[in-house]
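What follows draws every value from the coordinates through simple rules; no lab data is involved. Everything numeric here is computed off the predicted structure, so don't read it as measured data. Cβ sites come from the backbone with ideal geometry, for glycine too, and all protein chains shown count toward neighbours.
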Amino acid sequence: MYEGAIQDLIDELGRLPGVGPKSAQRIAFHILSADPTDVKRLAVALQRVKEQVRFCTTCFNVAEAEQCRICRDPRRHDDVLCVVEEPKDVVAVERTGEFRGRYHVLGGAINPLEGIGPDHLKIRELMARLADGSVKELILATDPNTEGEATATYLALLVKPMGLAVTRLASGLPVGGDLEYADEITLGRAFEGRRAI
């Protein structure tokens, strides 16, 4: 235990997701020994993100304007909508360069153990976006874990009466992976999602 400002910094850093007590301490001492200009830049960046970044009014991705850059892009396809859990998932899909449609960010996944139900997510807003009939395919790109699967199943059942094509991202073996190291669920999904070559 330290005292004063350094302990306060360690405590605040320790509240960040994925930062344990040792990492918080390491980051705090790095900041303490860093050049004051670097620390000032970090402080300004933190302040700017809280003041300038908000959520897109259409898709709920992060944005610095009313809409995010993807929703403002007229070259994107309006008939395909990719549903993801978090804004970081939009970045992951965009990095592939394979998707040219629009997004909808739910803001999480259904997780009864954490008290997160459908009403806590942007599902009502998704249904409003689908109501005009312009979307022909809904891609469910939630995480391939229990919560993501529950969310995808819930959404698929919810939109089924709308007559949309509902697809789920394939999951299976990573490129460069070895079969002997794959768990049963991953290997099972790889078999389910096999395709002709």
In deg cm²/dmol, rounded to the nearest 500, the helical mean residue ellipticity at 222 nm of the chain, built from -39500 (n - 2.57) for every DSSP H run of length 4 or more, is -13000 deg cm²/dmol
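Looking at region 32-114, which trypsin sites (Lys or Arg not before Pro) are in a loop (DSSP not H, G, I, E or B) and have at most 12 other Cβ atoms within 10 Å? Numbers along the way, then the final one.
Numbers: sites: 40, 41, 48, 50, 54, 69, 72, 75, 76, 88, 95, 100, 102; in loops: 75, 76, 100.
Passing sites in region 32-114 are 75, 100.
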Kindly express, to the nearest 10 degrees and within the range 0 to 90, the angle between helix 4-14's C-alpha long axis and the longest C-alpha principal axis of the chain.
10
Residues whose built amide H sits under 5 Å from the amide H of residue 104, excluding neighbours closer than 5 in sequence, are 82, 83, 84
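What order do you get for 191, 60, 29, 99 when you list them from fewest to most C-beta neighbours inside 10 Å? Walk me through the numbers before you get to the answer.
Working: 191 9, 60 24, 29 14, 99 17.
Ascending Cβ contact count within 10 Å gives the list 191, 29, 99, 60.
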Kindly state, as a whole number, the per residue volume in cubic angstrom of the convex hull around the alpha carbon atoms of the chain.
207
Can you sort 33, 134 so the residue with the fewest Cβ neighbours within 10 Å comes first?
33, 134
Could you work out how much longer the chain between residue 127 and residue 66 gets when fully extended? Use 0.36 nm per residue separation minus the Cα distance between them, nm to one decimal.
19.9 nm
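Could you pull out the trypsin sites (Lys or Arg not before Pro) across region 119-159 that fall in loop regions by DSSP (anything but H, G, I, E, B) with no more than 16 other Cβ atoms inside 10 Å? Display every interim value, and only then the final one.
Details: sites: 122, 124, 129, 136; in loops: 122, 136.
Answer in residue order: 136.
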Could you work out how far the C-alpha centroid of region 49-96 sits from that of region 98-114, in angstrom?
11
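Tell me, in nm to one decimal, what length is gained between residue 162 and residue 11 on full extension, where the rule is 0.36 nm per residue of separation less the Cα-Cα distance?
On the way: separation 151, 0.36 × 151 = 54.36 nm, distance 4.89 nm.
So the chain would gain 49.5 nm between residue 162 and residue 11.
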FRET E, pair residue 134, residue 170, Förster distance 22 Å, beta-carbon r, rounded to 0.05
0.30
